[in-house]
Amino acid sequence: MDFHAVVGPGNGDVVIVGAGPAGVSTALMLLRAVPSAASRLIVLERAKFPRDKICAGAIAARGERVLRELDAVPDVPSAWIHGISLRSAGKEAAVELTAPIGRVVRRLEYDAALVEIARQRGVKIVEDTQVVGISPLEEGAQVETTRGVLRAAVVVGADGVGSVVRKAIGCDGAGSLRAQVVEVDTEPTSSDRKASLLHFDLNDTTLAGYTWDFPTIVDGQRLMCRGVYQVRGAGDTTDVGTRLDARLEALGLDPTQYKRKRYAELGFARRAKIAKDAVLLVGEAAGIDPGTGEGIAPSLRYGAIAGRFIAEVLDGKARVSDWPRALARSGLGKDLLLRSTVTRAYHAGGRSSIDRFLTRSPRALRAGCQYFGNQPIPRTQLLRLVFGAVAQTAWHYVSFANSRPSTSPM
């Protein structure tokens, strides 16, 4: 196949690198804003669909809201989630809501279905094409690929945690919180929580992160996705694989019977470079929630914001260099900044206070479920939650101060 016969002799106004949720949602939202952009929009993907993506697969309903607005929700096998179970500080709490708050999918199926929806809308997606370099032009940028060279007015890096685009603009993720993750799919055990819950275990204070058990569906069979999420640089040096083996053995499972899948996560950092010249970053390439590693929902939200923003760039109402400011003003930008701040505080000494509050406050866990599920949180509930958090934090510091030995003279 002639590469330029596919992408067009003049190449594109916009080239998106990566056809995962961030890249495809960016393309779909751009088409919503500028329908005529379809003929000048190209999405490059290094793999061929269906392709797998190692990921626990939990998607918050607040993220898929973007796709519902676009009438582009993939119809794939899903384990529907109604609540969250949390074990921490020697206690366990669970909240389950009536309506689903999200679902767990397999990226092999989900991403391919989303790509097919985009293609039906007229999005040009070119697979088996790897980007090897990006060079600035007087206007726009040149994208070098394994199959040819493209020119674009705007280049979007949606190519994940190991982003080639991010490296090309000189961003190494400095200041970002990073994480190592390992997971396996196993049969359920008698000790598992309800199949409608996402279970998080923060009880092991030597782990700078958490372990999880999520229901999942693999080839029509109900299984459990289990894993370990470890924030790097937070004092924890134990290998995540070793931790996962110990967890499986505690559940009565033989670690050697399951295929182990490792991957990394890049957390959002306020000062990270996410735009340069004609290039901007979205999704995991820009940074996601460093505390939980949640990636799909933020990636979809990145795409919604970026699609509308690029429409303004093409219309001359904004410049690519305005992207960091546009993200910071958005609900997603504020959310990621808050999560990054809380994650740093959590691993810098605030863990016991936060853990205690989460497991001893049903309001907190319920609010978390409502937020995850894009469900409204009544103002009175929110005020009680804030008051409870302030009171818990004050109690923690007063107790800490009173427990310190006196240094005054006898």
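Readers should treat all values here as calculations from the given coordinates under stated rules, not as data from a laboratory. Just so you know, these numbers come straight off a predicted model, no measurement behind them. Cβ: placed from backbone, ideal geometry, glycine included. Neighbour counts: every protein chain shown.
Return 30, 177 ranked ascending by Cβ neighbour count within 10 Å, so the fewest neighbours appear first.
Arranged by neighbour count, lowest to highest, 30, 177 become 177, 30.
Expressed as a whole percent, how much of the Cα-Cα distance distribution for segment 120-164 exceeds 15 Å?
When all Cα pairs of segment 120-164 are counted, 51 percent exceed 15 Å.
What angle do you read, to the nearest 10 degrees and between 0 and 90, between the alpha-carbon axis of helix 331-345 and the longest principal axis of the chain?
Between the helix axis and the principal axis of the chain, the angle is about 40 degrees.
How compact is segment 178-266 by the rule of thumb for globular proteins, expressed as Cα Rg over 2.2 N^0.38 Å?
This ratio for segment 178-266 stands at 1.06.
What are the residues whose amide H is under 5 Å from the amide H of residue 251, where those residues sit 5 or more places off or on another chain and H is modelled from the backbone?
Correct list: empty.
More than 25 angstrom separation, counting every C-alpha pair in segment 4-102; what % is that?
Here the long-distance tail beyond 25 Å is 39 percent of all Cα pairs in segment 4-102.
Would you mind calculating the relative contact order of segment 91-156 from Cα pairs under 8 angstrom and at least 6 residues apart, reporting the percent as a whole number?
Here the relative contact order equals 17 percent.
Find the percent of Cα-Cα distances in segment 196-348 that exceed 23 Å, and round it to a whole number.
Roughly 49 percent, rounded to a whole number.
Treat every Asp and Glu Cβ in the chain as -1 and every Lys and Arg Cβ as +1, leave all other atoms uncharged, and give the resulting dipole magnitude about the Cα centre to the nearest 20 debye.
1280
Can you give the relative contact order of segment 114-224 as a percent, counting alpha carbon pairs under 8 Å and 6+ residues apart?
Reported as a whole number, the value is 13 percent.
State the antiparallel share, in %, of DSSP beta bridges confined to the chain, rounding to the nearest 5.
Expressed as a percentage, antiparallel bridges in the chain total about 70.
What does the helix-only formula give at 222 nm for the chain: each DSSP H stretch with n ≥ 4 adding -39500 (n - 2.57), the total divided by the residues, and the result rounded to the nearest 500 deg cm²/dmol?
On the way: 12 runs with 144 residues, N = 410.
So the calculated ellipticity at 222 nm is -11000 deg cm²/dmol.
Return the distance in nm (one decimal) between the two label points of a simple spin-label model at residue 73 and residue 251, each offset 7 Å from Cα along Cα→Cβ.
2.8
Over segment 130-286, what per residue volume does the convex hull of the Cα atoms give, in whole Å³?
Convex hull volume per residue, Cα atoms: 158 Å³.
Farthest toward the dipole's positive end in segment 178-266, which of 244, 206, 217, given Cβ charges of +1 (Lys, Arg) and -1 (Asp, Glu) about the Cα centre?
Towards the positive end, the residue furthest out is 217.
Please list the radius of gyration and Dmax for the chain, considering alpha-carbon atoms only, with Å as the unit.
Looking at the chain, its Cα Rg and Dmax stand at 22.3, 88 Å.
Antiparallel as a % of all DSSP beta bridges within segment 1-159, to the nearest 5?
Looking only at bridges with both residues in segment 1-159, the antiparallel portion is about 65 percent.
Residue 94 to residue 130: extension gain in nm, 0.36 nm per residue of separation minus the Cα-Cα distance?
Gain on extension, residue 94 to residue 130, equals 8.6 nm.
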